[in-house]
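The values are calculated or read from the model by the stated rules, or taken from the named source; none is laboratory data. All values derive from a computational prediction rather than experimental measurement. Using ideal geometry, Cβ is built from the backbone for each residue, glycine included, and neighbour counts are taken over all protein chains shown.
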Amino acid sequence: VNDLNLDCDWDVVNGGADVATGYSGACVEGEVLIGTDNQTGGNAKVFMTKDYAGTTLRSEAISGSEMQNQTAGHFTARFGLNNYGVDAIANTGIAASIGVRGQASRSPLTYGVYGSGSGAEFVNFGTFGIANGGSGQQPPTNNVGVFGRALGNSTDVNFGGYFIACDGGKNIGLYAEACEGAAAHFAGSIVVNGPQLSLSDESIKVGMEDIDNSLDLINQLSPKQYQFNGESYPHLNLKSGLSYGFSAQEVQQVMPSVVNAVYHPAKYDSTGEMISPEANLLALEYQEFIAILTAGIKEQQAQIQEQENELDEMKDMMMQMHEQMQLMNEQMQMLQQQIDGCCMDQGWVPKSSEIGKQDPMGKNELYQNTPNPFRNHTTIRYTLEQGGRVMLKIHDGNGRVVAQLENAEQSAGTYTYVWDAAGLPAGLYHYTLFVDDELLVKRAIKLHD
């Protein structure tokens, strides 16, 4: 054992098996050469340094062939209940305390810290980090189990953390778990080359029901375009440029279950000074909107289909009307004959030339029914300038009477009737108003029930 100042010795006890870490002499620094008997060479050397807290150990590999693996220090623990190859503790640092610090440089591939775990029955950890807090101080301490930082120039590719899992039956490159809060928090963009998967297995769900009134929910949402306030929140690494989305506060009034409170921790420099404060913000589960939008599309499609069915029905009715209009003259003649016969039986002689015409002086008036076309019910209204004998009848397309709404003496005025056509087939109908010797006719179209 030599010392660097060549004026003191470091003791090696137990036949060279241990270096005395309890040394109490006056020497500040010394070295032990490993792998050779002479004092000027060797594959590695161990530096022994003494400071006010005791003696520390620093190892360095300095020689050997380029084809050899140079190991500055090799530590082995075996056969114990819990074995630690290296158990390092650092505390009460003025700026920082680092239990293990690794530095590597000047090689094609360098590892600051390299951990390998193998041979365990259940779990192997290559590197395992624990950060214990609980001081209760304000602001709270940030406890980081494993911290990685990569710094380089503009030509470098820097990875703060690089994870690979392969050759296993089930590979997970990165696994994060949080008892509460966020299992992963990314302050910046995320690039995904594969599918983004969310657990959706039916076996882990309860209370599954269809979404009702999804269009009502969608109509209450107010999409926005905006820009993030990156100037006031630089530590959040917010997106720049135009964005599209929703206000979490507005969505909370409509669908509170998709709004979550998010905690963004404060940042500190190496001296413990706060760089950026903590933030409590609201975030949206945007993937939940997929189900709402899907239900809304289906609901809207059902409405469109119903309207298309109604349009098809109306088209069919219009085609039927077109066919019936071609026979209208014949039907009107048939109707006139039946009406003339009906009226003559009762001693009335209507003026056939006035069928379907209003009195040019506005004596009596028969209005168009509303609604028209209709399904089951429609309203018929007429006005009498003077009183008289009145009959109001409904005829189908073949001239048959299907309903009689009035048959009585009436005084001057306006009268309203509701025709209940439920159960009658769809088609073209005529409603006829007889006022003494005057005859007025209008057409009504009934749709399928």
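Taking E273, is it out of contact with any strand residue (DSSP E or B) (no Cβ under 7 Å at 6 or more places or on another chain) and free of Cβ contacts under 8 Å to residues at least 12 places away in the same chain? The answer is yes for E273. In segment 199-219, the residues that are touching a residue at least 40 places away in the same chain (Cβ under 8 Å) form Cβ pairs under 8 Å with partners that are in a loop (DSSP other than H, G, I, E, B) and not small (G, A, S), at six or more places apart or across chains, as follows: L217/M255.
Quick one: is A403 surrounded by fewer than 17 Cβ atoms within 10 Å (Cβ to Cβ), in contact (Cβ under 8 Å) with a residue 12 or more places away in the chain, under 19 Å from Q368 (Cβ atoms) and among the small types (G, A, S)?
Working: surrounded by fewer than 17 Cβ atoms within 10 Å (Cβ to Cβ): yes; in contact (Cβ under 8 Å) with a residue 12 or more places away in the chain: yes; under 19 Å from Q368 (Cβ atoms): yes; among the small types (G, A, S): yes.
For A403, the condition - surrounded by fewer than 17 Cβ atoms within 10 Å (Cβ to Cβ), in contact (Cβ under 8 Å) with a residue 12 or more places away in the chain, under 19 Å from Q368 (Cβ atoms) and among the small types (G, A, S) - is met.
Pairs are defined by a Cβ separation below 7 Å, a sequence spacing of at least 6 or placement on different chains, a first member in segment 279-296 that is closer than 19 Å to D216 by Cα, and a second member that is of a type outside the set (A, V, I, L, M) and in a helix (DSSP H, G or I); the pairs so defined are I292/S214; A295/S214; G296/S214.
In this entry, K224 is excluded by the filter for residues that are more than 26 Å from E299 (Cβ to Cβ) and either surrounded by 11 or more Cβ atoms within 10 Å (Cβ to Cβ) or touching a strand residue (DSSP E or B) at 6+ places or on another chain (Cβ under 8 Å) (or both).
Kindly indicate which of A187, A150, A182, A176 is touching a Leu at 6+ places or on another chain (Cβ under 9 Å) and either at pLDDT 80 or above or not basic (K, R) (or both). Break it down stepwise before answering.
Details: A150 fails: touching a Leu at 6+ places or on another chain (Cβ under 9 Å); A182 fails: touching a Leu at 6+ places or on another chain (Cβ under 9 Å); A176 fails: touching a Leu at 6+ places or on another chain (Cβ under 9 Å).
Result of the check over A187, A150, A182, A176: A187.
Working only within segment 257-270, note down all residues that are of a type in the set (A, V, I, L, M), touching a residue at least 60 places away in the same chain (Cβ under 8 Å) and touching a Leu at 6+ places or on another chain (Cβ under 8 Å).
V262
Each residue in segment 215-267 was checked for being farther than 24 Å from L293 by Cβ and assigned to a strand (DSSP E or B), and 4 pass.
Picking from residues in segment 359-406 that are touching a Ser or Thr at 6+ places or on another chain (Cβ under 7 Å) and part of a loop (DSSP other than H, G, I, E, B), the one that is farthest from H448 (Cα to Cα) is G387.
Of the residues I394, I380, I355, only one is at pLDDT below 90 and surrounded by 15 or more Cβ atoms within 10 Å (Cβ to Cβ); which? Write out each step before concluding.
Numbers: I394 fails: at pLDDT below 90; I380 fails: at pLDDT below 90.
Answer to the selection: I355.
Only one entry of A187, A183 meets the criterion of being in contact with a helix residue (DSSP H, G or I) (Cβ under 8 Å, 6 or more places away or on another chain), part of a loop (DSSP other than H, G, I, E, B), under 26 Å from P265 (Cβ atoms) and among the aliphatic types (A, V, I, L, M), and that entry is A187.
So, of the residues in segment 416-442 that are free of Cβ contacts under 8 Å to residues at least 40 places away in the same chain and out of contact with any strand residue (DSSP E or B) (no Cβ under 6 Å at 6 or more places or on another chain), which turns out to be surrounded by the most Cβ atoms within 10 Å (Cβ to Cβ)? Here the answer is L424.
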